[in-house]
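Have a look at the structure below before the remarks.
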Amino acid sequence: MIKELKELRDMNDEELLKELESLRVEYRDLMTKVAAGGAVEKPARVRNIRRRIARILTILRERRMRRHAATR
């Protein structure tokens, strides 16, 4: 996890947003499959995607807050 977090923090905002969109599409596809009654090959993948999305959103929010505080 620490390695993953460092990897995310090293990305710029644009890269994070692209990753976020990609994860949201994958998550939506998995949830559609589950809702249709299908089984997911790796159930833990759903949880990992949600967590990675949350990490990205947290990093983006931290950066916005830092920029906002710097302009005050």
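Assorted remarks:
- Hits in the range 51-72 - residues which are more than 19 Å from Y27 (Cα to Cα) and either within 18 Å of the chain's Cα centre (by Cα) or surrounded by 12 or more Cβ atoms within 10 Å (Cβ to Cβ) (or both): I59, L60, R61, E62, R63, R64
- Complete set of residues in the range 24-50 that are exposed (fewer than 10 other Cβ atoms within 10 Å of the Cβ) and more than 19 Å from the chain's Cα centre (by Cα): A35, A36, G37, A39, E41
Computed from the coordinates by the stated procedures, all read-outs in this text should not be read as laboratory data. Quick caveat, the model's predicted, so the values are computed rather than measured. FYI the Cβ positions are ideal-geometry reconstructions off the backbone, even for glycines, and counts take in every protein chain you see.
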